[in-house]
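Readers should treat all values here as calculations from the given coordinates under stated rules, not as data from a laboratory. Note that the coordinates shown come from a computational prediction; the quantities given were computed from them, not determined experimentally. Cβ coordinates were reconstructed from backbone atoms using ideal geometry, including for glycine residues, and neighbour counts include every protein chain displayed.
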Amino acid sequence: MYALQSVAIFLSLATVLLAVPCQAERWPQRVVRIILPLPAGTGTDLAARLFAERLAERWSQPVIVENVPGADGILGVTRFVGSHDNHTLLFSFAGPITINPLIHDSLPYDPSRDLVPIVSAIDNFFAIATSSSLGVDSIDGLVALARKEPGKLNWTATAGLPQYIFAALQKSADLEMTYVPYREVTLALQDLSESRVQVLATGVSILLPQVQSGKVRLLMVTSRRRSPLAEDVPTAAEAGHPELLFEGMVGFYGWRNMAPDLKERIAADIRAVAADSAMVARLRSVGVAVQAGSSAEFAAEIEDQRTKLAPILRNAKAAN
């Protein structure tokens, strides 16, 4: 009798234990939501929706994108962390993870605790551009002119990484230039084309119309590889400034305490989607490059960017 009861208990326990991995293997079991801390209509938004469409096919569940822009990504990340939902992912640029903790005394989230890097997905290309009327065609030419005319050149940048990239150039080259803030990049671009500001650091795709009109010149992109929209423009390393190498990386993040095996499985699915040639071509046409490696590589890239930015941000705070 006792033997039969023992066998029954053993079988019950075995059933429970076997059921656990089955539950994990069946993820997702319902709609998956991707939170994007950027507005609709951007290249990153297009990428998020293309990934969502193809992941839905692989997962046999709907995958929807929710745009939560504002406050340098803080609103979107806070929404993600506060969802406490294992069917919600974050698709974000690196700023909320690498920059915000360095410039804000407190945040409603802890990147190290609340966000699990799953895999990088795309690279948004940033560039340093000048007004064509300035007459320089390289970063070194810009540096030479700024040294010759200290305090006379105006510069601006979109908030976040582009701003700190150019601040790093000023610090390393010991340049004296005047920063001009703008609420909207379109106004900055207009003033750049008319040479009311002489330098703008921002996304390549934003600059391209004025480049094609001949009013603006791209001096370099900050990524490891050249932009698909400006293949004749050198990278930071090619321009002789490897210290300005900063990837505009965007990737997927999971929730706190995400199971490692699930993280790796989602990463593998994202890499498979990223290998789709039609998707690569569609993103390339808007200046976005697919870049999907391993989870470990993504985590290392985040830490590397944070480490490189720390002294730049300290210098920026000291200057203010």
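Results, tabulated for the structure shown:
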item: The chain - share of DSSP beta bridges that are antiparallel (%, nearest 5); result: 65
item: 18 Å cut-off, amide nitrogen to a point 7 angstrom out along ARG224 Cα→Cβ, residues in the stretch 252-267; result: 252
item: The stretch 171-314, relative contact order in percent, only Cα pairs under 8 angstrom and at least six apart counted; result: 15
item: Per-peptide average of other Cβ atoms within 10 Å, ordering 38-45, 181-188 highest first; result: 38-45, 181-188
item: Listed residues PRO69, PRO234, PRO209, most fluctuating in the chain (Gaussian network, C-alpha, under 10 Å); result: PRO209
item: The chain, relative contact order [Cα under 8 Å, separation at least 6], %; result: 24
item: GNM flexibility winner over the chain from THR130, THR235, THR178 (Cα, springs under 10 Å); result: THR178
item: Spin-label model distance (nm) - GLU66 vs ARG113, 7 Å beyond Cα toward Cβ; result: 2.2
item: HIS87 versus THR178: modelled label distance in nm, points set 7 Å from Cα along the beta carbon direction; result: 5.6
item: Peptides ranked, highest mean first, by Cβ atoms within 10 Å: ranges 157-167, 268-278, 289-299; result: 157-167, 289-299, 268-278
item: Most mobile listed residue (GLY95, GLY251, GLY240) in the chain, GNM with C-alpha springs under 10 Å; result: GLY240
item: The stretch 126-246: relative contact order as a whole-number percent, Cα under 8 Å and 6+ apart; result: 35
